[in-house]
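The block underneath contains the structure these notes are about, expressed in structure tokens.
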Amino acid sequence: FDQDEVERLAAAAECPQDAAMYRVAAFTGLRTGELFGLKWGDVDFLGGLLHVRRSYDYKLHREKVPKGKRVRSVPMVPAVVDALAQLKEREHFTGDGSLVFCSTAGEYLDYFAHLARYKAALGRAKLREIRFHDLRHAFGSAAIRTLDPYAVQSYMGHAHYSTTQRY
């Protein structure tokens, strides 16, 4: 998706949290598990960075280190900063240890319910059906056109440069 399509998807989201997640996925390249494991303490509004410190494995129902076994930092574009700042204004679950994208009880999101909402948003936005993971690829494709390839490798958490070269 290009930026306009991402914005159409976000506008069609069921709730502000889903809209924010679609923008963060498409404009930072975080993997689904990394989005699910993101906590407010990982969001550096002043530095304009997201720190990827963990991933949530929905099959095993536990946190783990991010793929590649490395903590990394990814810059936030204004659309991401704005989306997360609005989400931070919610009534509950805004402390450093709270999940950014969480259930109404502050717990990890249900992966399959998340996918169902995503597919419904695609339909409402009248967008072609792409996998949620493909929002990560949208970031990679856009970033490689303007950024140093090694920076893109670092931002995406690719262990090998050859993976980044696909973009």
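Conditions tested, residue by residue: (1) of a type in the set (A, V, I, L, M, F, W, C); (2) open to solvent by 40 Å² or more (accessible area, probe 1.4 Å); (3) touching a Ser or Thr at 6+ places or on another chain (Cβ under 6 Å).
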| residue | (1), (2), (3) |
| --- | --- |
| Y108 | no, yes, no |
| Y118 | no, no, no |
| A125 | yes, no, no |
| R136 | no, no, no |
| G140 | no, no, no |
| D148 | no, yes, no |
| G157 | no, no, no |
| T164 | no, no, no |
| Y167 | no, yes, yes |
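Would you mind stating whether S103 is polar (S, T, N, Q) and in contact with a strand residue (DSSP E or B) (Cβ under 7 Å, 6 or more places away or on another chain)?
So S103 fails the test.
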Notebook entry, point to check: Can you find a residue in the stretch 103-113 that is out of contact with any Asp or Glu (no Cβ under 8 Å at 6 or more places or on another chain), closer than 22 Å to L49 by Cα and not hydroxyl-bearing (S, T, Y)?
Noted result: no
Note to self: So if I check each of F93, F132, which one is open to solvent by less than 20 Å² (accessible area, probe 1.4 Å) and either touching a residue at least 12 places away in the same chain (Cβ under 8 Å) or part of a loop (DSSP other than H, G, I, E, B) (or both)?
What the structure shows: F132
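Would it be correct to say that F112 is modelled with pLDDT of 95 or more, touching a strand residue (DSSP E or B) at 6+ places or on another chain (Cβ under 9 Å) and not β-branched (V, I, T)?
Against the criterion (modelled with pLDDT of 95 or more, touching a strand residue (DSSP E or B) at 6+ places or on another chain (Cβ under 9 Å) and not β-branched (V, I, T)), F112 does not qualify.
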Next item on the list: Taking R128 as the residue in question, decide whether it is basic (K, R) and at pLDDT below 80.
Entry: no
Item checked: Sole exception among (1) over 14 Å from the mean Cα position of the chain (by Cα); (2) closer than 28 Å to Q165 by Cβ for K88, by number -> (2)
Check: Name the pairs whose Cβ atoms lie under 6 Å apart, with the first residue in the stretch 46-58 and on the phi > 0 side of the Ramachandran plot, the second assigned to a strand (DSSP E or B) and at pLDDT below 95, and 6 or more positions between them or separate chains?
Finding: G48/P75
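The values are calculated or read from the model by the stated rules, or taken from the named source; none is laboratory data. Remember, predicted model here, so these are calculated numbers, not experimental data. Ideal geometry is used to build each Cβ from the backbone, glycine not excepted, and the neighbour counts take in all protein chains shown. Accessible surface areas use protein heavy atoms only, side chains included; no ligands, DNA or RNA. Shrake-Rupley method; radii C 1.70, N 1.55, O 1.52, S 1.80 Å.
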